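Notes follow the structure.
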Amino acid sequence: QVQLVESGGGLVQPGGSLRLSCAASGSIFSINDMGWYRQAPGKQRELVAVITGGGSTNYANSVKGRFTISRDNAKNTVYLQMNSLKPEDTAVYYCNVEISTVVQSALLDYWGQGTQVTVSS
């Protein structure tokens with residue numbers, strides 16, 4: 001099986017920075033796209049950023065220029081560097097990774113457990 005473990009959330013003041021990490025482990029054969037989503041109270045889950053297996057990136061308009069997604073393929077880990085944080089960035093952040101395993105060759109979506117990010121003075 002596959003496990004995704006997130007870390008790096010917390011409480012930060014407006015204008016501050018946080019770095020989220022999501023490490024995949026288990027019977028992994030290959031990893032394709034890796035991304036971050038977030039869900040604020042009373043709102044639908046939304047895409048924040050995605051990085052493809054080839055390294056191309058895409059961002060939600062609301063975070064462009066402030067957030068940077070990256071990946072370390074040797075560690076099966078995706079990162080989200082969040083700068084100039086705003087109160088409206090407050091949400092639970094989830095990583096999402098497309099993984100094929102040694103048992104299941106088709107790519108499947110896996111989700112992290114979520115990490116709370118709170119931006120408040």
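The values are calculated or read from the model by the stated rules, or taken from the named source; none is laboratory data. Keep in mind that this is a model prediction, so the values were computed, not measured. As a convention, Cβ positions derive from the backbone with ideal geometry for all residues, glycine included, and neighbour counts pool all protein chains shown. Side chains included, ligands, DNA and RNA excluded: accessible areas come from the protein's heavy atoms. Shrake-Rupley method; radii C 1.70, N 1.55, O 1.52, S 1.80 Å.
Restricted to region 44-87, and to residues there that are touching a residue at least 24 places away in the same chain (Cβ under 8 Å) and assigned to a loop (DSSP other than H, G, I, E, B), the residue that is surrounded by the most Cβ atoms within 10 Å (Cβ to Cβ) is L85. Of the residues making up region 97-121, those that are of a type outside the set (S, T, N, Q), touching a strand residue (DSSP E or B) at 6+ places or on another chain (Cβ under 7 Å), assigned to a loop (DSSP other than H, G, I, E, B) and open to solvent by 50 Å² or more (accessible area, probe 1.4 Å) are V102, L107.
Before we move on, is G9 in contact (Cβ under 8 Å) with a residue 40 or more places away in the chain, surrounded by 14 or more Cβ atoms within 10 Å (Cβ to Cβ) and under 16 Å from I99 (Cα atoms)? So G9 fails the test.
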